[in-house]
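Data block below; observations after.
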Amino acid sequence: MTPAVLEPPAALLASEAHLEAFGQDPWWITTIKALAIFVFLMVCVLMMIMADRKVMGRMQQRHGPNRMGPFGLLQSLFDGIKLSLKEDLIPRGVDRFVYIAAPMIAAVPAFIAFSVIPIGPEVNLFGVVTPLQLTDLPIAALVVLATAALGVYGFVLGGWASQSPYALLGGLRASAQVISYEIAMGLSFVAVFIMSGTLTTSGIVDAQRGLWFAVLLAPSFLIYLVTMVGETNRLPFDLAEGEGEIVGGFMTEYGSMKFTMFFLAEYVNMCTVAAVSVTLFLGGWLAPPGVALLLPGANEGWWPALWWLLKFVCVMFLFIWARGSLPRVRYDQLMKLGWKVLIPVQLVWITAVAVVRMLVLEDASPVVVTAVVAAFTAATVAAFWAWLRHARRERAEAAAERAHNARRAHEDAAFGGFPVPPSTAAHYGSSVLAEPPRTATAAAGSNKKGEEVNGA
């Protein structure tokens, strides 16, 4: 007889029930779905690059691409063709195998992560009833984190194999950035796992039929939006390829199709993290609130694919809006935000969610649950107020120090240790002619050719 402690709980059995529809498809249905995912991502990359340039053009009061094709819609396609026809150069002294493999290592995991994204319920596809999802796993949500962790190896290896200081710095920045923001991203997943009771993506979508987790777990959703921008190296967090400091980052020594693969990896990663946000926080393929009442059958057939696509496009627009509106941050600000703000906030929030969820499952009194929520809220407000006071005090001290340094520099030209020539000596020697007089009167009386600069 099986001991009671080893029996699977009801939540685990419920989560496993979502996996019964998978693994039963014929091989040709699986091939069609895999090919559809690949084509969808490639089209999304082309359209996203186009939307990136067109929308930012409108935000900056200029026209975007408008020559190639109707309304310039084929510009991204021709850019890809141009890149593929460029000469492929490999710098001397690089590790050729790693140098060539790095772009592929960066691009492939992003495609794999999309295989567990549910786009709709079960539909009739060529006479076969199959879910609009390639596959699902008991730990499908962790597959997304695993593939995101593998993708950073492409950036690091590409920077290291290039044998360039700028590329190496970009690779190191990318690794530190992705690691720090991936921790905060994983912590935002934990709250979803606690509330849904499952790690299957189809089960997480089904758990949001009453209320989307973007509302119920708003702090996790907002932090995820920040971390997904940092995870994909997009503005304002594109420090791994900052043109002002490290030329082009880990992609500095790449061209032609290898550069295209890195570019493809960035945009496919954007599509993946946007699809994950729709799945975990925005109800997946479920119809928006109120639509199911107005449109019977909104969550059946092929309609859910439309709702999923609309949510997906809205999240993708956030990438463009952030890139066109926010300036690039400094690297120390990037690390400070990830380690000192996002991760501590997530830890406190997860603790609160776990405590409240445990009380609800244990049928605790509503008074006790309300008291716990009030206590966490009061502690959060107090911590936020203390942080504001500390930040305000730091700004005041920094402003006072700047004012003191400016006053000292005005009084003493040598303040700060900067080598300044004495004001009474000739600055450059007798080989340099004196500067011309600044007034007509001075020019008439003292403009002598060959006069030395005396600093007076």
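The values are calculated or read from the model by the stated rules, or taken from the named source; none is laboratory data. This structure is a prediction, so every number in the text was calculated from the model and none was measured. In this analysis, Cβ positions are derived from the backbone assuming ideal geometry, glycine residues included, and neighbour counts consider all displayed protein chains. For the accessible areas, the whole protein counts, side chains as well, though only heavy atoms, and no ligand, DNA or RNA atoms are used. Shrake-Rupley method; radii C 1.70, N 1.55, O 1.52, S 1.80 Å.
Couple of notes before you dig in:
- Test: Thr370 is among the hydroxyl-bearing types (Ser, Thr, Tyr), open to solvent by 60 Å² or more (accessible area, probe 1.4 Å) and over 24 Å from Phe193 (Cβ atoms): yes
- Residues of segment 66-85 that turn out to be loosely packed, with under 13 Cβ neighbours inside 10 Å and either assigned to a loop (DSSP other than H, G, I, E, B) or out of contact with any helix residue (DSSP H, G or I) (no Cβ under 9 Å at 6 or more places or on another chain) (or both), as a count: 4
- Residue within segment 32-51 that is over 30 Å from Thr135 (Cβ atoms) and open to solvent by 70 Å² or more (accessible area, probe 1.4 Å) present: no
- Contact map, segment 94-121: residues that are among the polar types (S, T, N, Q) paired with residues that are outside any helix (DSSP H, G or I) and open to solvent by less than 50 Å² (accessible area, probe 1.4 Å), Cβ distance under 9 Å, separation 6+ or inter-chain. Pairs shown: Ser115/Gln133; Ser115/Leu134; Ser115/Thr135.
- Test: residue in segment 122-136 that is aromatic (Phe, Trp, Tyr), within 20 Å of Ala34 (Cα to Cα) and outside any helix (DSSP H, G or I): yes
- Test: residue in segment 284-302 that is buried (at least 21 other Cβ atoms within 10 Å of the Cβ) and part of a helix (DSSP H, G or I): no
- Subset of segment 151-166 [polar (S, T, N, Q) and buried (at least 24 other Cβ atoms within 10 Å of the Cβ)]: Ser162
- Among (1) buried (at least 20 other Cβ atoms within 10 Å of the Cβ); (2) closer than 30 Å to Pro304 by Cα; (3) not small (Gly, Ala, Ser) - the single one Tyr181 does not satisfy: (2)
- Any hit, segment 194-209, residues being surrounded by 23 or more Cβ atoms within 10 Å (Cβ to Cβ), in contact (Cβ under 8 Å) with a residue 24 or more places away in the chain, within 22 Å of the chain's Cα centre (by Cα) and not in a helix (DSSP H, G or I): no
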